[in-house]
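Values quoted throughout were computed directly from the atomic coordinates according to the rules given, and no laboratory measurement underlies them. Remember, it's a predicted structure, so these values are computed and weren't measured experimentally. Every residue, glycine among them, receives a Cβ derived from its backbone with ideal geometry; neighbour counts consider all protein chains shown.
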Amino acid sequence: MPNAQPAQAAAATNLEEPPQKKPCFVISPIGDEDTEIRKNADQVLKYIIKEALSDTYSVERADDISKPGLITLQVIERLLKAPMVVADLTDANANVYYELAIRHFAKKPVVHLISEGQKPPFDVAPMRYISYNLKDLDSVARAAEALRAQVVAIEAGEVTLTLIQLADMVTAPRGQDQNQFASFAIAIQSAVSNLQSDVRQLGTQVSDLTLSTLEQRLQSLKGKLALSPYTLEGVVHALSTNQRFSQAAAARHAKQDQERRAALKPNESSPSEEPSGTARAGLTPPPKFKI
C-alpha cells in the first residue's frame, strides 16, 4: 500500500489541471499602433471573438505570435492546421483575403465577420457572415452570441461550405460525392442567413428613428405643404365656402319658385284682372262645376 498515496496525489493533480483549449486563429485587419484600424480590430477581438470563444478556445491573432521564426510561415501554418478560424472581412483588407483564400483552400471551418453596412466582394458574397456595429452595444452582443452559436453548430457537424468546395462538387465525377444536394442546401441556408442579417440590420436602422426625428420630418413636410395652394386647410376652406354658397343659392331658388307659384295662382279680387268676354257683354256666366 505504500504506492497508494502518490497515485492518489497524481490523480488529484490531474483533476485540478484545466482542460486544454483548442487553438482559434483570427484573420483580421490589424494596422499600425494608435490607428483607427488597430482600435477597431482590438475591439472586435476583445468584445466579440474572445467574448464568444475564450472559454473553449485559445484565441490568437497574427500580432500575438511570439514564437521566433518567419511570421508569414507561422500564419500559414495556423491557417492550415487550426481547428477554428474567424475572419473579419471589414474594409476589404488585402492581407485578410489572402489568408482567407488559404483557409478556404484548406477546406476547414471558418466563420466570417463584417461591419454593418459593408458588403463582401463578389467571390465571397454568397458565404454566410455575421454583421456587427461597434457603436451599438446590442449589436456587439448579438454578434458574439451568433459567433458562439455558429461555432457550436460547426463542432456538432455542420458544414461550412466554401466556393472551393462547391467547385470540387461540380467538377467531381458522377457518383463520387453522394451529398451534393445536402451541400447545396447548406449553401442556400447560408444565403438565407445573410438575408436575415440584412433584414435585422434594416430593422435596427428603422428603430433608430426616434419620435423627435419623426416630428422634425413632419414639421418639414408641413412647411413644404404650406407653400402649396392645395394644403389640407385650403381644401377644407374651399369645401366649406362652396357648401355655404350652395345653401344660399338653394334658398334663393326656393324663394323665387314660391314667388312664381304665387303669381300663377288666380286672384278674383284683383282689380287689375281683365273681365272675360261674357262679363263684358252683360250676360250671366254659366255656373262653375267642381270636378
Any idea what the relative contact order of the range 42-156 is, in percent, if you count C-alpha pairs under 8 Å spaced at least 6 apart?
27 percent
Contour minus Cα-Cα span, Lys50 to Ala167, at 0.36 nm per residue, comes to 38.8 nm
Inter-part gap, Cα centre of the range 34-55 to Cα centre of the range 95-132, in whole angstrom, is 17 Å
Using the structure shown, select from Lys81/Lys135; Lys107/Lys135; Lys39/Lys108; Lys21/Lys46 the pairs with a Cα to Cα distance greater than 24 angstrom.
Lys81/Lys135; Lys107/Lys135; Lys39/Lys108
Could you tell me the calculated FRET efficiency between Leu70 and Lys22, based on Cβ-Cβ distance and R0 = 25 angstrom, to the nearest 0.05?
0.55
Calculated FRET efficiency for the pair Glu36/Lys119, C-beta based, R₀ 25 Å, to 0.05
0.80
For Val111, list long-range residues whose amide hydrogen, built 1.01 Å from N in the peptide plane, is under 5 Å from its own amide hydrogen.
Val85, Val86, Ala87
In which sequence would Tyr129, Tyr98, Tyr47, Tyr57 go, from the one with the fewest C-beta neighbours within 10 Å to the one with the most?
Tyr98, Tyr47, Tyr57, Tyr129
Please arrange Lys107, Lys67 by counting, for each residue, the other beta carbons lying within 10 Å of its beta carbon, fewest first.
Lys67, Lys107
Here the gain from full extension of Leu137 to Ala94, 0.36 nm per residue of separation minus their alpha-carbon distance, amounts to 12.7 nm
